[in-house]
Amino acid sequence: MTTGRERGFFEVVEENRKSKSTFREYAEAIGMALLLAIFIRTFIVQAFKIPSGSMIPTLQIGDHILVNKLSYGVRIPEDIFWIPIPLGGKYLVEYRKPQRGDVVVFIYPEDRSKDFIKRVIGVAGDEVEVRAKKVYINGREIEDPHAHFEGENGLGGLQARDDYGPKRVPENHIFVMGDNRDKSLDSRYWGYVDLKDVKGKAFLIYWSWDGHDRWVRWERLGGIIY
């Protein structure tokens with residue numbers, strides 16, 4: 001026969017077990033969500049913010065974009081929580097290379113702590129030349145619908161900006177330029193991008209913010225990046 005005091009004791013124990021079980025369920029759910037977020041960011045999709053106008057008009061300052069890290073293959077991440085990984089950047093499976101016209105995010109060759117975003121203009125083996133701001137690949141002027149010109153850039157090196165090459169892109173490298181040609185620090189100034197430093201292909205604007213003017217640019221949300 002169980003007394004009222006004993007029943008009260010067992011009820012308290014049962015409530016504590018339920019509380020612990022509920023807490024454990026929440027902790028496991030949060031832990032799984034964090035692991036899934038880390039996995040997605042490391043191997044599948046990563047978000048970036050556009051801080052400069054070098055890709056105007058395709059990308060505006062304050063655009064937040066998504067980059068597909070599986071565009072060119074599956075590879076070992078460079079780091080996890082900023083801890084370098086041996087063989088980081090090496091492809092486990094590579095099924096295509098960046099193509100002319102792709103908008104890619106890559107590690108800036110002159111400062112590996114920074115990520116840049118530009119458009120691929122030339123691939124390995126291409127002879128790239130810029131004459132009077134017009135781009136020639138292998139001796140032929142290319143269609144260049146994304147090119148935008150705003151005039152003086154303050155970067156210096158006008159000769160490199162308006163006239164470049166001809167130079168041949170080395171194996172396993174790409175030649176990139178910003179769409180805002182007069183105001184882009186790109187391959188004309190610092191050279192080629194190693195393919196192992198390409199993080200992925202930009203494909204979507206998921207948020208756009210202009211704190212100096214209208215704040216949210218609603219018309220840009222969900223825009224596909226070409």
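In the neighborhood of Tyr164, defined by Cβ-to-Cβ distances under 12 Å, what is the net charge if each Lys or Arg adds +1 and each Asp or Glu adds -1? Don't jump to the answer; show the numbers that get you there.
On the way: positive: Arg131, Lys133, Lys134, Arg161, Lys167, Arg181, Arg188; negative: Glu127, Glu129, Asp162, Asp163, Asp186.
Counting the neighbours of Tyr164, the net charge comes to +2.
From the square roots a ≥ b ≥ c of the eigenvalues of the alpha-carbon gyration tensor of segment 83-201, which class results: rounded (a/c under 1.5), prolate (a/b over b/c), or oblate?
In terms of gyration-tensor shape, prolate.
Could you check the simple spin-label distance between Phe23 and Ile76, using points 7 Å along Cα→Cβ, in nm with one decimal?
4.0 nm
Explain nothing, just the number: dipole magnitude of segment 100-226 about its Cα centre with +1 on each Lys and Arg Cβ and -1 on each Asp and Glu Cβ, in debye rounded to the nearest 20.
180 debye
Using only the Cα atoms of segment 167-226, build the gyration tensor, take square roots of its eigenvalues as a ≥ b ≥ c, and label the shape rounded, prolate or oblate: rounded if a/c is under 1.5, else prolate if a/b is larger than b/c, else oblate.
prolate
Between Ala132 and Lys196, with labels modelled 7 Å along Cα→Cβ, what's the label distance in nm to one decimal, could you check?
4.2 nm
For the cross-link pairs Lys69/Lys134; Lys90/Lys134; Lys134/Lys167, which exceed 24 Å when the distance is taken from alpha carbon to alpha carbon?
Lys69/Lys134; Lys90/Lys134
Quick one: order Ile44, Ile121 by neighbouring beta-carbon count within 10 Å, fewest to most.
Ile44, Ile121
Give me the extension gain from Lys90 to Leu36: residue separation times 0.36 nm, minus the current Cα-Cα distance, reported in nm with one decimal.
So the chain would gain 17.2 nm between Lys90 and Leu36.
Each value in this text was obtained by applying a stated rule to the coordinates, not by laboratory testing. Predicted model, so just to flag it, every value in this text is computed and none were measured. Glycine gets a Cβ as well: all are built from the backbone with ideal geometry, and neighbour counts include every protein chain shown.
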